[in-house]
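Comments concern the structure below.
The values are calculated or read from the model by the stated rules, or taken from the named source; none is laboratory data. The structure presented is a predicted model; accordingly, all values stated were derived computationally and were not measured. When we count neighbours, we look across all protein chains shown, and the Cβ atoms used for this are built from the backbone with ideal geometry, even at glycine. The accessibility values were calculated without ligands, DNA or RNA, using every heavy atom of the protein model including side chains. Shrake-Rupley method; radii C 1.70, N 1.55, O 1.52, S 1.80 Å.
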Amino acid sequence: QVQLVESGGGLVQPGGSLRLSCAASGSSLSIYIMGWYRQAPGKARELVASITTGGGINYPDSVKGRFTISRDNAKNTVALQMNSLKPEDTAVYYCNAARYSVSYWGKGTLVTVSS
């Protein structure tokens, strides 16, 4: 069993930056594919970044060049650096750990991009 806790959300102006962090307990994250997802009001949850156990990284075009995912297996954390934020990035951001058919989710952290 893995417990995930996200932090770092908040209110930021357009063009600003935020760094989200996901801390894990209960198991080492090193064996999991880690991902950050987001869900805006009235929309489906979507993947914004993922990183494999070998360090392979994937981003959708909507955040490519602006978001950076990283993992620190020694600290059992995963981070999401978000730059050049846009109002359309406003959402609840969730951390996910996946391995085969098993998937764990955090409770999310709210990011609001507004002037």
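Residues in segment 1-19 that are at pLDDT below 95 and open to solvent by 70 Å² or more (accessible area, probe 1.4 Å): 1 in all. Is there a residue in segment 20-27 that is at pLDDT 95 or above, closer than 16 Å to V111 by Cβ and of a type in the set (S, T, N, Q)? Among the residues of segment 20-27, at least one is at pLDDT 95 or above, closer than 16 Å to V111 by Cβ and of a type in the set (S, T, N, Q), which makes the answer yes. The residue that is farthest from the chain's Cα centre (by Cα), counting only those in segment 46-86 that are of a type in the set (G, A, S) and not in a loop (DSSP other than H, G, I, E, B), is S70. Looking only at segment 28-38, residues that are modelled with pLDDT of 95 or more, open to solvent by less than 40 Å² (accessible area, probe 1.4 Å) and either under 9 Å from C95 (Cβ atoms) or part of a helix (DSSP H, G or I) (or both) come to 3 in all. Total residues in segment 47-80 satisfying the condition of being of a type in the set (S, T, N, Q), under 16 Å from S17 (Cβ atoms) and open to solvent by less than 50 Å² (accessible area, probe 1.4 Å): the figure is 1.
Selection of first residues in segment 89-109 that are farther than 18 Å from P41 by Cα and part of a strand (DSSP E or B) and of second residues that are of a type in the set (D, E, K, R) and open to solvent by 40 Å² or more (accessible area, probe 1.4 Å), restricted to Cβ pairs under 9 Å at least 6 apart or on distinct chains, gives an empty result.
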